[in-house]
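Just so you know, all these numbers are worked out from the coordinates, no wet-lab data involved. Computed from a predicted model, the values in this text were never measured in an experiment. Using ideal geometry, Cβ is built from the backbone for each residue, glycine included, and neighbour counts are taken over all protein chains shown.
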Amino acid sequence: MRITTLTLSLLLAAPRSTASPPPPIDAVPAQKVAPNTWVIHGPMGHPSAENRAFINNPAFLQTADGVVVVDPGSSVQIGAMVLQQIRLQTDRPVIAVLNTHVHGDHWLGNDAIRRAYPDVPIYAHPRMIAEVTQGAGERWVEMLNGITENAIEGTQVAAPTHPVDNGDELTLGGMQFRFHHNGQAHTATDLMIEVPGEDLLFTGDNANNGRIVRMDDGNFEGNIEALDIALALQRKIVVPGHGQSGGSEVIAGYRDYLTGLYQSVAELFEQGLSDFEMKDQVEQRLQLFSDWTGYQEELGKHISLAYLQIEAAAF
Ligand SMILES: [Zn+2]
């Protein structure tokens, strides 16, 4: 079609809410991990033009009344792909969306679900709702567009609407969901979502498999404590924030990394080493994790952050 001035002005005049959404990204097939639960395991790596910022693990659960979506990805394009994968399993509507934390790679895809289901309730920790109200979503859109050559262009912030906190339970379509939060862990907004009927736990970014994530908004002791809580739940199936799903070894493996790092830094701090002086020794102790995605990028930052947290705890 030739774009005339008239059609162009019509396009520009169209209200954003009725504009057709940008096309979805290439499909990544959903894998069934429990009787009623599917996970779309995102590519490993950092957001890039190549992966179009798709790096997390969107999931969906079939209930008696419809579908519950967990963390539908970084963009309206990824959210649309998640909806396509849902349509391969069921024609039932989406009845709720659950978000694990404020990092945009997990929840900006809410936009696609909201466009298809304008009244869908979106649940998140109250602190996440507050941060999104204060502009966290817009900052994430700008940041992700900046590092992906605008791969998430057109994504609008669809903020969570319903707060859920530690100990809360929801029954959605007859399926029970239990929420766990213990202050600042990976962020101050984390929810781990337990689904007893599926014997399953979504850890959010409190645990990751084969992947080291940013701790800029986190607290090492709080994150380790969250993983102790996660292990105590003894759920058979564990869906991490990034990387393949598995069992409790997913939680234990990430806990090993965090405790290994934190204890090494604490010991070397006691010996009077500064953060940059201890890097080689810490690296030697954490050899086991050197092939995890993000290790090279994050290790130095994690040492500095752990150092600051240990220093603060010492005074
Ligand atoms: Zn995160």
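Can you give the FRET efficiency for ARG87 and ALA130, using 1/(1 + (r/R0)^6), R0 = 45 Å, r = Cβ-Cβ distance, to the nearest 0.05? Display every interim value, and only then the final one.
Working: r = 34 Å, r/R0 = 0.75.
Efficiency at R0 = 45 Å is approximately 0.85.
Rounded to the nearest 20 Debye, what is the dipole magnitude of the chain about its Cα centre when Lys and Arg each give +1 and Asp and Glu each give -1 at the C-beta? Write out the running numbers ahead of the final one.
Numbers: 19 positive and 38 negative charges, 258 e Å.
I would put it at about 1240 debye.
Give the average over all directions of the projected area of the C-alpha convex hull of the chain, one decimal, in nm².
On the way: hull surface 70.1 nm².
With the hull built on Cα positions only, its mean projection is 17.5 nm².
Given contacts defined as C-alpha pairs under 8 Å and at least six residues apart, what's the relative contact order of the chain, whole-number percent? Mind dumping the intermediate values first?
Working: 643 pairs, mean separation 43.8, N = 315.
It comes to 14 percent, rounded to a whole number.
Distance in nm between label sites at GLU297 and ALA116, each 7 Å beyond Cα in the beta-carbon direction?
2.8
Taking loop as defined by DSSP and a crowding limit of 12 other beta carbons within 10 Å, which GluC sites (Glu not before Pro) in region 89-173 fit? Don't jump to the answer; show the numbers that get you there.
On the way: sites: GLU131, GLU138, GLU142, GLU149, GLU153, GLU169; in loops: GLU149, GLU153.
The qualifying sites are GLU149.
Could you give the length gained by full extension between GLN31 and ALA49, i.e. 0.36 nm per residue of separation minus their alpha carbon distance, to one decimal place?
Details: separation 18, 0.36 × 18 = 6.48 nm, distance 2.47 nm.
Here the answer is 4.0 nm.
Compute the relative contact order of region 38-82 as a whole-number percentage, counting only Cα pairs closer than 8 Å that sit 6 or more residues apart in sequence. Please report the intermediate quantities before stating the final value.
Details: 63 pairs, mean separation 14.1, N = 45.
Reported as a whole number, the value is 31 percent.
State, as an integer percentage, the relative contact order of region 140-227 based on alpha-carbon contacts under 8 Å between residues 6 or more apart.
It comes to 21 percent, rounded to a whole number.
Nearest 10 degrees is fine. How inclined is helix 295-314 to the longest principal axis of the chain, computing both from alpha carbons?
That works out to roughly 60 degrees.
I'm a student and want to see the number: the projected area of the Cα convex hull of region 119-173, averaged over all directions, in nm².
Details: hull surface 20.1 nm².
Answer in nm², one decimal: 5.0.
Just add up the charged neighbours of THR37: K/R +1, D/E -1, any other residue whose Cβ is under 11 Å from the Cβ of THR37. Could you put the intermediate results ahead of the total?
On the way: positive: LYS32; negative: GLU198, ASP199.
Charge balance in the 11 Å sphere: -1.
Could you tell me the center-to-center distance, by alpha carbons, between region 122-173 and region 254-315 in angstrom?
Measuring centre to centre over Cα atoms gives 30 Å.
Quick check: pseudo-label points 7 Å beyond the Cα along Cα→Cβ at GLU249 and ALA314, how many nm apart are they?
Between GLU249 and ALA314, the label points sit 3.7 nm apart.
Can you classify region 89-232 as rounded, prolate or oblate using the Cα gyration tensor, where a ≥ b ≥ c are the square roots of its eigenvalues, rounded means a/c under 1.5, and otherwise it's prolate if a/b beats b/c and oblate if not? Each step should come with its number before you reach the end.
Numbers: a/c = 1.70, a/b = 1.09, b/c = 1.56.
Oblate, because a/c is 1.5 or more while a/b does not exceed b/c.
What does the C-alpha gyration tensor say about the overall shape of region 180-301? Classify as rounded when a/c is under 1.5, otherwise prolate if a/b is larger than b/c, or oblate.
It comes out prolate by the Cα gyration axes.
Can you bin region 41-153 into rounded, prolate or oblate? Criterion: square roots of the alpha carbon gyration tensor eigenvalues sorted a ≥ b ≥ c, rounded for a/c under 1.5, prolate for a/b above b/c, oblate for the rest. Walk me through the numbers on the way to the answer.
Numbers: a/c = 2.01, a/b = 1.31, b/c = 1.54.
The shape class here is oblate.
Using the charge dipole of the chain (Lys, Arg: +1 at Cβ; Asp, Glu: -1 at Cβ; taken about the Cα centre), state which of VAL94, PHE220, SER264 has its Cα farthest towards the positive end.
VAL94
As a footprinting exposure proxy, order HIS46, HIS242 by other Cβ within 10 Å, with the fewest listed first.
Details: HIS46 15, HIS242 25.
In increasing order of surrounding Cβ atoms, one gets HIS46, HIS242.
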